[in-house]
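The values are calculated or read from the model by the stated rules, or taken from the named source; none is laboratory data. In this text, all values refer to a predicted model and were calculated from it rather than measured experimentally. Every residue, glycine as well, gets a Cβ built from its backbone with ideal geometry; the counts of neighbours run over all protein chains shown. Keep in mind that these areas ignore ligands, DNA and RNA; they rest on the heavy atoms of the full protein, side chains included. Shrake-Rupley method; radii C 1.70, N 1.55, O 1.52, S 1.80 Å.
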Amino acid sequence: MIRTRSRVIPLAAALVSACAFGLYLRPLAPTITWAHAGMDGGDLITAAATLGVAHPPGYPTYVALGHFFAQLPVGSIAFRLNLMSAVCMALAAGLTTLGIVCAAQSLGVAPLAGVIGGLTFAAAPMVWGQATIAEVHALNVLFVSVITWLLMPPLVHRQRLSTPRLALAFLMWGLGLGNLLTLAALLPIFIVAWRGSFQRERNVVRHSSFDMGSWLFFIPFLLGLSVYLLIPIRANGHPPVNWGNAVTLPRFLAQVTGELYRGYVFGLPVSDYPARLVAFAQLLVTQFGWPGLVLGAIGLERIITRPSKVWLAVASAVGLYTIFALGYNSADSDLYLIPVWMFGAWAVACGSLRLLRSLSRFRGALYAPPIVTAILVVLGPGWIVASHFAAIDLSAERSAETFADSVLSQAPRGAILVTGSDAHTFSLWYYRSVENRRPDTTIVDARLAGYDWYESMLVDQGRAPQLPSYEPNATWRARLASANPTRPVCEIDPATQIMRC
């Protein structure tokens with residue numbers, strides 16, 4: 001039985017990862033793209049390729065891993081970073097399956113339920129979309145799935161976490177925070193794991209070193225979090241993408257705490273909350289479909305009627321993610337719900353497990369669980385894939401590339417290209433600094449021109465113009481042209497993408 005379990009569990013996880021990767025590879029974007037809320041892709045790809053500092057908080061973990069993927073000998077550098085998202089999301093789907101099966105009380109039909117849960121997560125349109133572009137959310141949910149796999153099964157079984165397992169979870173938490181700070185929402189799960197593990201040890205073996213031993217686990221956490229020290233190191237190297245120029249302590253703190261974007265956090269007007277709540281409720285149907293919602297409700301009923309510290313901690317983490325996404329005042333705030341969809345897949349798996357175990361009790365129903373599993377996969381993830389493939393497919397999507405080609409081919413020699421949107425700025429950064437196209441031009445984002453660190457970044461990019469003082473803003477463009485009389489100044493309209501020189 002032990003040999004069977006040791007083979008079946010990784011096979012189930014590998015099957016889900018392979019299916020997910022195949023699903024993601026076909027519609028993968030061939031280059032930078034603005035689809036699926038991927039406007040930041042050009043910034044992230046350029047920072048990773050040149051070992052720079054991306055927009056706040058800098059995403060040092062993403063940049064480090066992205067630089068590794070940028071060395072792969074396949075496609076363009078943008079394609080390689082898109083591929084990184086596909087790999088991370090496929091691994092997250094497999095680890096979701098692995099965690100579900102390991103958390104089940106006995107093997108039985110648990111692998112089948114784990115496959116249903118893993119495929120449900122992998123096929124969720126928002127998850128699927130982020131797996132086809134260069135963004136931080138795929139790597140973020142990979143960290144969530146790794147930590148959940150490390151902590152949840154022992155906690156569900158009320159076992160003491162082994163020291164290496166708990167230390168690895170803390171290390172992954174620190175590294176994950178170097179990718180996306182919302183990973184702090186897992187704090188309730190860590191509190192339950194940390195306290196529960198050492199309370200059981202203290203109850204069995206009385207000793208006075210409990211406090212010392214328990215606090216030692218913050219060493220791997222701080223070790224992982226130290227990835228943020230790469231930001232000042234890279235900033236001192238003067239890369240072409242160097243947000244915040246974090247070479248001093250105040251600038252470093254402003255960068256890693258996201259000072260530039262703090263106004264977005266819980267910045268949604270109160271009047272907009274009802275509409276956003278309705279939109280989030282509609283997302284549930286979109287991500288899981290009605291079969292998934294029914295199975296999830298069955299799984300949640302089981303969890304609610306048998307509450308424990310573990311499930312309360314998970315509910316708290318889900319609540320923190322939801323509250324943050326609900327109040328974040330940006331058009332793509334729903335992307336912060338992707339870890340919620342992963343935990344939702346656990347609920348779907350719990351409901352599937354109850355259903356499959358009920359079927360397996362009937363005499364002569366040996367083949368019922370596999371047949372029902374196949375039906376649930378077809379009606380759930382299968383139906384979602386079939387109905388959303390056209391919307392997800394980016395294999396022929398080249399609008400960002402077309403825009404950059406048009407601008408860079410038409411721009412006069414030595415032009416100063418004034419932009420006013422993330423999509424335009426970051427796309428031009430990529431083609432100029434990574435693909436080395438039109439190094440004679442300069443991209444100046446009019447929204448950043450008022451920051452003191454931005455001028456030094458333009459110098460690092462080369463061909464820096466003379467920037468006039470930002471105030472008064474109404475005359476800034478005219479004064480920019482006057483300060484650079486020998487260079488054409490071309491402005492790109494954020495709405496129409498038309499360039500006027």
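Would you pick out the residues in segment 160-197 that are of a type outside the set (A, V, I, L, M) and in a loop (DSSP other than H, G, I, E, B)?
Residues of segment 160-197 that are of a type outside the set (A, V, I, L, M), as a first pass: 160, 162-165, 170, 173-174, 176, 178-179, 182, 188, 190, 194-197.
Those that are of a type outside the set (A, V, I, L, M) and in a loop (DSSP other than H, G, I, E, B): ARG160, SER162, GLY178, ASN179.
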Looking only at segment 120-138, and only at residues there that are assigned to a helix (DSSP H, G or I) and among the polar types (S, T, N, Q), the one that is surrounded by the fewest Cβ atoms within 10 Å (Cβ to Cβ): GLN130
Per-region count, segment 445-461, residues out of contact with any Ser or Thr (no Cβ under 8 Å at 6 or more places or on another chain) and either more than 14 Å from ASN245 (Cβ to Cβ) or charged (D, E, K, R) (or both): 6
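If you check ALA391 against the conditions, is it of a type in the set (A, V, I, L, M), open to solvent by 40 Å² or more (accessible area, probe 1.4 Å) and assigned to a helix (DSSP H, G or I)? Even if it seems obvious, please write down each step before you answer.
Numbers: of a type in the set (A, V, I, L, M): yes; open to solvent by 40 Å² or more (accessible area, probe 1.4 Å): yes; assigned to a helix (DSSP H, G or I): yes.
Yes, satisfied.
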Selected residue (criterion: most open to solvent (accessible area, probe 1.4 Å)) from residues of segment 236-253 that are out of contact with any helix residue (DSSP H, G or I) (no Cβ under 6 Å at 6 or more places or on another chain) and hydrophobic (A, V, I, L, M, F, W, C): LEU249
Of the criteria (1) within 30 Å of ILE77 (Cβ to Cβ); (2) open to solvent by 60 Å² or more (accessible area, probe 1.4 Å); (3) of a type outside the set (Val, Ile, Thr); (4) out of contact with any strand residue (DSSP E or B) (no Cβ under 9 Å at 6 or more places or on another chain), which one LEU355 fails: (1)
Lone unmet requirement of (1) free of Cβ contacts under 8 Å to residues at least 60 places away in the same chain; (2) touching a Cys at 6+ places or on another chain (Cβ under 7 Å) for ALA415: (1)
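I want to confirm something. Restricting to segment 315-333 and keeping residues that are polar (S, T, N, Q), open to solvent by less than 50 Å² (accessible area, probe 1.4 Å) and under 12 Å from GLY267 (Cα atoms), which single residue is nearest to the chain's Cα centre (by Cα)?
Residues of segment 315-333 that are polar (S, T, N, Q), as a first pass: 316, 322, 329-330, 333.
Imposing the further condition that a residue be open to solvent by less than 50 Å² (accessible area, probe 1.4 Å) reduces the set to 322, 330, 333.
From the residues that got through so far, the ones that are under 12 Å from GLY267 (Cα atoms) too are 330, 333.
Working: SER330: 16, SER333: 12 Å.
Step by step, filter segment 315-333, then rank; the result is SER333.
On the given criteria, is ILE231 farther than 19 Å from THR182 by Cβ and either among the β-branched types (Val, Ile, Thr) or in contact with a strand residue (DSSP E or B) (Cβ under 8 Å, 6 or more places away or on another chain) (or both)?
no
How many residues are of a type outside the set (A, V, I, L, M, F, W, C), within 18 Å of TRP476 (Cα to Cα) and assigned to a loop (DSSP other than H, G, I, E, B) if we restrict to segment 435-459? First the steps, then the outcome.
So the first thing to find is which residues in segment 435-459 are of a type outside the set (A, V, I, L, M, F, W, C), and the list is 435-442, 445, 447, 450-452, 454-456.
Keeping just the survivors that are within 18 Å of TRP476 (Cα to Cα) gives 442, 445, 447, 450-452, 454-455.
Filter again for assigned to a loop (DSSP other than H, G, I, E, B), leaving 447, 450-451.
Matching residues across segment 435-459 total 3.
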Pairs, first open to solvent by 30 Å² or more (accessible area, probe 1.4 Å) in segment 105-119, second among the basic types (Lys, Arg) and at pLDDT below 95, C-beta under 9 Å, six or more apart: LEU107/ARG5; GLY108/ARG357
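Restricting to segment 413-428, name every residue that is charged (D, E, K, R) and in a loop (DSSP other than H, G, I, E, B). Please lay out each step first, then the result.
At the first step, the residues of segment 413-428 found to be charged (D, E, K, R) are 413, 422.
ARG413, the sole residue that qualifies.
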Test: residue in segment 293-314 that is under 21 Å from the mean Cα position of the chain (by Cα), within 24 Å of ALA124 (Cβ to Cβ), of a type in the set (Phe, Trp, Tyr) and part of a helix (DSSP H, G or I): no
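Okay, residues lined up against (1) within 17 Å of THR425 (Cβ to Cβ); (2) in a loop (DSSP other than H, G, I, E, B); (3) in contact with a Phe, Trp or Tyr (Cβ under 9 Å, 6 or more places away or on another chain):
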{"residue": "PRO57", "(1), (2), (3)": "no, yes, yes"}
{"residue": "LEU65", "(1), (2), (3)": "no, no, no"}
{"residue": "GLN71", "(1), (2), (3)": "no, yes, no"}
{"residue": "GLY75", "(1), (2), (3)": "no, yes, no"}
{"residue": "ARG80", "(1), (2), (3)": "no, no, yes"}
{"residue": "ALA90", "(1), (2), (3)": "no, no, yes"}
{"residue": "LEU95", "(1), (2), (3)": "no, no, yes"}
{"residue": "VAL101", "(1), (2), (3)": "no, no, no"}
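For (1) farther than 30 Å from VAL109 by Cα; (2) touching a Cys at 6+ places or on another chain (Cβ under 9 Å); (3) surrounded by fewer than 17 Cβ atoms within 10 Å (Cβ to Cβ), each residue gets a yes or a no:
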| position | (1), (2), (3) |
| --- | --- |
| ARG7 | no, no, yes |
| TYR24 | no, no, no |
| TRP34 | yes, no, no |
| MET39 | yes, no, no |
| VAL63 | yes, no, no |
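Within segment 254-267, identify whether any single residue is more than 30 Å from TYR431 (Cα to Cα) and either without any contact (Cβ under 8 Å) to a residue 60 or more places away in the chain or open to solvent by 90 Å² or more (accessible area, probe 1.4 Å) (or both), and answer yes or no.
yes
Matching residues to (1) surrounded by fewer than 17 Cβ atoms within 10 Å (Cβ to Cβ); (2) touching a Lys or Arg at 6+ places or on another chain (Cβ under 7 Å); (3) over 20 Å from PRO56 (Cα atoms):
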| site | (1), (2), (3) |
| --- | --- |
| VAL418 | no, yes, yes |
| ASP422 | no, no, no |
| PHE426 | no, no, no |
| TYR430 | no, no, no |
| ARG437 | yes, no, yes |
| TYR454 | no, no, no |
| GLY462 | yes, no, yes |
| GLN466 | yes, no, yes |
| ILE492 | no, no, yes |
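Per-residue answers, yes or no, for (1) in contact (Cβ under 8 Å) with a residue 12 or more places away in the chain; (2) among the basic types (Lys, Arg):
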position: ALA423; (1), (2): yes, no
position: ARG438; (1), (2): yes, yes
position: THR442; (1), (2): yes, no
position: ALA446; (1), (2): yes, no
position: TRP453; (1), (2): yes, no
position: LEU467; (1), (2): yes, no
position: PRO472; (1), (2): no, no
position: ARG477; (1), (2): yes, yes
position: GLN497; (1), (2): yes, no
Per-region count, segment 315-349, residues within 28 Å of GLY263 (Cα to Cα), of a type in the set (Phe, Trp, Tyr) and part of a helix (DSSP H, G or I): 4
Sole exception among (1) out of contact with any strand residue (DSSP E or B) (no Cβ under 8 Å at 6 or more places or on another chain); (2) in a loop (DSSP other than H, G, I, E, B) for PRO494, by number: (1)
